[in-house]
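Chemist: Just passing along the structure, written as C-alpha cells.
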Amino acid sequence: MLDFVPLKWALFMSIIIFSSVRADPLVLGFTKSMPPPNQVANFLSNRASGLARQERFLAEKLGLSDKNNSDDDIDDNEARTGKDNGDNASSATTVSSENNIYGVRNYLWSYLITVGVGHPKQEFKLILDTGSSVLWVPSSKCSNTTCPGSSSVSLFDTSASTSYQVEEGNIFNLSYGSGGCSGESGQDSIFIGDTEIKHQKFGVADKVSEDLLTDGVNGILGFGPGITDQKFNSKAEKWSTPMQHLLDNGNIKSNMFSIYFDNVDTKDELETANGRLVLGGLPPHEYYTGEIQWANLFSEGKYKYYWAIKSQGIKVNNKRISGNLRGIVDTGTTMTILAPEYGKRVISALKIVKYDEKNSLYYVDCKKINSLPTLTFLLDGNIELSLTPEQYTAPSWQTSFWLVKDNQCPLYLSTDIVTEFDFILGQKFLEYHVAAHDIDNKRIGLAPRIHDKNPE
C-alpha cells in the first residue's frame, strides 16, 4: 500500500464513461443521444450520494455509456484487449516529434493520453497524472467481479505481447483516494506517440476497486517527481519512471516535462479541445504570456512524492487572505481544493456564493458570475497567478450535468474534501496556466496560458 495516498478520483476522476473505441486516440467520438427519462430516473434513484449522482448522470446525459452508438465497427474482443492494428496502432498523436510534443485530450473533468503497450501494441487511454509516479493497466485476467467495469475497457493481454516479461513473485498494490488496485508486476515496451520506451516496469492489475475503471479510462500514467521508493510492490523495488528511461536513452536532453490544456467552452469542444504534453523541455512560448515563474518544490515528509509547493494565501480582488499553506499541483484532481478551515474564509469573501448541501458544492446565480471577484494565488517565489470568475465557475451550459437548477452555476472550488494538503491546484487551474515540471532542479514553473484553439 502507498504510505501517502495520491488524490485520484477525489472529484469526478472515475466518472466519464466513453462509449466509442476508435483507432485515432485523439478523435474519440462522444455520442450525444439521451437515454429515456425513465432510465434517468431509475439511474438517479439508485445513487446514494450527490456526487455519485452527478458523476453518473453526466455520462448518461451525454449518452456516453450507450455502446450501440460507437462510431467505429471494431471487434468486441479487439476493443476489450486493447488490440488494434498491431505495431501500426497509433498511440498519443505526435504533434512534433522533433520537440517531443504529444496530444492530450480534455474530457471536461479528466485528461487522457493514449499509450501503446507491448509488441504488437495494445492501446490504453490513461489518466495523465502528476500526483503519482506509477503506470498501471488492467489485466485480461480481470472479471467484472474482481475488476468492476472491466467488461467495457481495454485489458492488457500479457500473452499477446512478445516483449512482456513478468516479475515473478512481485505483487504491486496501489491505494488511491477512493479505492485501489493490485496485481503482478512486469516490464515491456510502452509507446508515447512515436517514441518507444523499452523495459518499462508497470503494474498489470487483476483486482481493481469499483469506479477506478470506466468505459475508455484504462488506468493511470504517473508523472510524479520520479520518486517511487514507496512500498507499493512486494519486493520494495524502485521503478524508473518513463521520464528517466527517456533521459537515459537519449530521447530527451532535459529531465523536464510540460503540460498545458485547453478549456472546454462549449459542448462541441468536448470532441475537439486538446492539451499538450512536452517531454524534455518547456512549452512553446506561443502557448503562454510573460515568463515562466519558478517555485521550488517543498519536499519534507510525504510531500516529496508530489509536485508540492508553498503558498502565502489568496487575494480576493485586492483583499489578501493570508495563510501559511502547503499543497500540490496535480493534473489528476479536477477541482481547486482548499482545506476546510482556510477555504471557508475564501468562500466567505466571495459573498454572493451559496452552498448546496445536497450536492456538496458551491454555486452562484449564473447571471451574477461577473460580479464575483478575481482570485489571485500567492505562490512561493513571489508568484501571483489569477483566475477570473469565468475561469473558476462552471458555465451555464454545464448546469444540467451537475443536477442543479438552470440558474445555478457551480464553482470549481471545493472545501468539503478532507485531504492531506492545504490546497490542490487541479485541472481547472491548469487549464489557464502552463506548467513546467523540472525534476532535476526540483521546481515547477507556471505562467498564464494563451488560449488558441488552433495554434499549429
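Chemist: For the range 286-448, what class follows from the C-alpha gyration tensor (a ≥ b ≥ c being the square roots of its eigenvalues): rounded when a/c is under 1.5, otherwise prolate if a/b is larger than b/c, else oblate? Intermediate results must be reported in sequence, preceding the final value.
Modeler: Details: a/c = 1.81, a/b = 1.61, b/c = 1.12.
Since a/c reaches 1.5 and a/b is larger than b/c, the shape of the range 286-448 is classed as prolate.
Chemist: Can you give me the relative contact order of the range 286-448 as a percent, contacts being Cα pairs under 8 Å and 6 or more apart? Don't skip to the end; give the middle numbers.
Modeler: On the way: 336 pairs, mean separation 53.6, N = 163.
For the range 286-448, the relative contact order is 33 percent.
Chemist: Using the per-residue mean of other Cβ atoms lying within 10 Å as a proxy for protection, in what order, highest first, do the peptides 409-415, 253-259 fall?
Modeler: Highest to lowest by the protection proxy: 409-415, 253-259.
Chemist: With unit charges on the beta carbon (Lys/Arg positive, Asp/Glu negative), name the residue among 280, 325, 314 whose Cα is farthest towards the positive pole of the charge dipole of the range 231-344.
Modeler: 325
Chemist: Find which of 385, 409, 436 sits farthest along the positive direction of the dipole of the range 286-448, computed with +1 on the beta-carbon of Lys and Arg, -1 on that of Asp and Glu, about the Cα centre.
Modeler: Sorting the options by dipole projection puts first 409.
Chemist: Would you grab the residues whose amide H sits under 5 Å from the one on residue 171? Only those 5+ places off in sequence or on another chain, please, with H modelled 1.01 Å from N.
Modeler: 234, 235
Chemist: Right, another one. I'd like the distance between the alpha-carbon centres of the range 235-285 and the range 400-452, rounded to an integer number of Å.
Modeler: So the two Cα centres are separated by 17 Å.
Chemist: Right, next: Which of 253/428; 267/358; 141/310; 141/231 have a Cα-Cα distance over 32 Å? Intermediate values should be presented prior to the final figure.
Modeler: Details: 253/428 30 Å; 267/358 26 Å; 141/310 43 Å; 141/231 24 Å.
Over 32 Å Cα-Cα: 141/310.
Chemist: Follow-up. Based on the mean of other beta carbon atoms within 10 Å per residue, what is the order of 111-117, 181-187, 296-302, most packed first? Don't skip to the answer; put the middle values down first.
Modeler: Details: 111-117: 26.7, 181-187: 21.7, 296-302: 14.4.
By packing density, highest mean first, the sequence is 111-117, 181-187, 296-302.
Chemist: Something else about it: Quick one: what are the phi-derived ³J(HN,Hα) couplings along the range 324-333, Karplus 6.51/-1.76/1.60 with θ = phi - 60°, whole Hz, x for glycine and proline?
Modeler: Whole-Hz 3J(HN,Hα) from phi for the range 324-333: 9, 10, 10, x, 9, 9, 8, 5, x, 10.
Chemist: Apply the a/c threshold of 1.5 to the C-alpha gyration tensor of the range 194-317 and tell me whether it is rounded, prolate or oblate.
Modeler: Rounded shape, in that the Cα axes give a/c under 1.5.
The numbers here are math on the coordinates, done by the rules we state, and not lab data. These numbers come from a predicted model, not from an experiment. Cβ sites come from the backbone with ideal geometry, for glycine too, and all protein chains shown count toward neighbours.
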